[in-house]
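The values are calculated or read from the model by the stated rules, or taken from the named source; none is laboratory data. All of these numbers come straight from a predicted model, not from anything done at the bench. With ideal geometry, Cβ positions are generated from the backbone for all residues, glycine too; neighbour counts draw on all protein chains shown.
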Protein chains: 2
Amino acid sequence: MNLIVVGSVSFDTVETPKARKDLVLGGTAVFFSIASSYFTRVGMVGAVGTDFPDEHIELLRLHKVDLQGLASMDGKTFHWGGRYHDNMNSRDTLFTHLNVFENFSPELPAAYCDVPYVFLGNIAPALQLHVLDQVHNPEFIALDTMNFWIDGALDDLKKVLKRIDLIFVNDEEAMQLSGEHNLLKATRAIQSMGPKIVVIKKGEHGAFLFHEDARFYAPAFPLEEVHDPTGAGDTFAGGFMGFLAGCKRVDDTSLRQAMIYGSTMASYAVEDFSVHRLQKLQRSDIDARFRAFHEMTRFDPVA
Amino acid sequence: MNLIVVGSVSFDTVETPKARKDLVLGGTAVFFSIASSYFTRVGMVGAVGTDFPDEHIELLRLHKVDLQGLASMDGKTFHWGGRYHDNMNSRDTLFTHLNVFENFSPELPAAYCDVPYVFLGNIAPALQLHVLDQVHNPEFIALDTMNFWIDGALDDLKKVLKRIDLIFVNDEEAMQLSGEHNLLKATRAIQSMGPKIVVIKKGEHGAFLFHEDARFYAPAFPLEEVHDPTGAGDTFAGGFMGFLAGCKRVDDTSLRQAMIYGSTMASYAVEDFSVHRLQKLQRSDIDARFRAFHEMTRFDPVA
């Protein structure tokens, strides 16, 4: 195992302008681990209730996701409900039933403590710190967070930032975290808080990688239909981290490719609800879209 | 002369959250011709009033812009006023004094009628048609338009579209013109109206080129400060068409490079008001930023 993810496992109830799906499989750890499973062996740290069906466990096993870190707790699985607006770019959260996730504390099985690649999904910064206290000399730590923690747990978040290599944030979160309204200034401010690599996710407008002085931009893949954006960010992180963990190398070349693999996986994720499209991919599908990204962005630098 | 532009010459009064400039040089033909002057010899078709100062004429001459097509008419020069919102991505038009531009009819000097590259700036489609009736077998015709003409002159616009090779539109205009809400579907619908090449401008989110089945995406260059977005679209078109006219070749390779040269010129334009930054460039500045775009988007397609 090269990689672990810590994050939610949930039932999602999702309404879009065209359809509604009740209690489908979701959560950071699920999107991330299925996306990364195409590149490497991944272990999942999370919690589910007694209502979590065997078919979901089977699906994760089919993707060779290690489930030693998945706690089964008395009670119900985390249930999130949201409704997308007409443009599919924004949504309202209708409800958040944390259920067993409310008392979740990430305890790592011994086998997870020596993994080189660690992804801290969007949970309380105090819990992210608790994970870092359990891992021994990981090579590369990435983190996701959100406005809720930037507002309500900034001191803890700043402690985590000092100990990580990469942060995934969207543009609004980057500005909120840094207090800067310009993306370049926001990024420099965040780098000064700890992570030398900053990935700014811009949804349908792609994503920026800042690595010391290098900048790399990955567009979003244009699609005829977006069916459900839920989990796109976690899927992006899964493709990104899965690729890096698989090639066991973090440098300018691999980081650029990781951005494109992340974008590739995210583009597949939004083509259907839940992990329905993601779970049916072949590695050849992934590589075909990776090459399509290259075709879409390449130009001859000698005019 | 390889290229002509037909469009407005104006005084712009621009307010941004940080500054205000009164009666600075602007207009489609100005931004376009100064941007394209770095790549080729360009002729300008437009009209100014008796109040148009010699210093602006001198500036255009310094850039070797051919002014045979610039009519000097009794009355005042077109004057536009606008105010940008806090994010600099949207603006309100405060006033539009068409002045001499109200009665402008583009009459081409004989020397312009055989140019191979033609850019029809955003004017009434009937006037764009009038230009096309004067040129003899141009190799490549590009057009810009806006919601005002899509709403109010759609029949004429459809006639022009049948006779052109490329259309520049922003994403909202593309959707309005096609009636499609998805960018790919909108593009195909527009291609079926005539132009085989569609460039969708997305402002700070870059631009898409669709050329038959090929797609190319150029990001916007990230800047620490955007001082004035006025003219960015016309400047993009100027860099794009100037480069194509200069290399005298329209194919997949040159179109991709034209997208990047267009983005390069637009990124410089917004760094100051009016053409203040644009007019002071060296070709080496342009090529340096062109290479920076390559550095920002390149990745190894063999993972």
Would it be correct to say that B:Val160 is out of contact with any Cys (no Cβ under 8 Å at 6 or more places or on another chain), in contact (Cβ under 8 Å) with a residue 60 or more places away in the chain and either in a helix (DSSP H, G or I) or within 10 Å of chain A (Cβ to nearest Cβ) (or both)? no
Spot the failing condition for A:Val115; the list is (1) part of a loop (DSSP other than H, G, I, E, B); (2) under 22 Å from A:Tyr268 (Cα atoms), and only one is missed. (2)
Cβ pairs under 6 Å, 6+ apart, first in the stretch B:83-110 and surrounded by 15 or more Cβ atoms within 10 Å (Cβ to Cβ), second assigned to a helix (DSSP H, G or I): B:Pro106/B:Leu127; B:Pro106/B:Val131
Residue hits (the stretch A:77-89; touching a Gly at 6+ places or on another chain (Cβ under 9 Å) and either of a type in the set (Lys, Arg) or at pLDDT below 95 (or both)) are A:Asn89
If a residue must be hydroxyl-bearing (Ser, Thr, Tyr), surrounded by 24 or more Cβ atoms within 10 Å (Cβ to Cβ) and farther than 14 Å from B:Ala232 by Cα, how many such residues does the stretch B:9-37 contain? 1
Picked from the stretch B:221-245 (must be facing chain A (nearest Cβ under 9 Å) and surrounded by fewer than 24 Cβ atoms within 10 Å (Cβ to Cβ)), the residue nearest to A:Phe216 (Cα to Cα) is B:Pro222
Checking the conditions here, which among B:Ala258, B:Ala292, B:Ala303 is under 21 Å from A:Asp300 (Cα atoms), at pLDDT below 95 and of a type outside the set (Val, Ile, Thr)? B:Ala303
Given (1) in contact with a helix residue (DSSP H, G or I) (Cβ under 9 Å, 6 or more places away or on another chain); (2) within 14 Å of chain A (Cβ to nearest Cβ); (3) part of a helix (DSSP H, G or I), identify the lone condition not met by B:Met296. (1)
Unique residue being assigned to a helix (DSSP H, G or I) and away from chain A (no Cβ under 13 Å) when the list is B:Tyr261, B:Tyr268: B:Tyr268
Complete set of residues in the stretch B:195-210 that are away from chain A (no Cβ under 12 Å) and surrounded by 17 or more Cβ atoms within 10 Å (Cβ to Cβ): B:Pro195, B:Ile197, B:Val198, B:Val199, B:Lys201
Six or more apart or on different chains, Cβ under 8 Å: which pairs go from a residue in the stretch A:135-150 that's charged (D, E, K, R) to one that's in a strand (DSSP E or B)? Could you list them? A:Glu139/A:Tyr117; A:Asp144/A:Phe119; A:Asp144/A:Leu120; A:Asp144/A:Ile167; A:Asp144/A:Phe168; A:Asp144/A:Val169
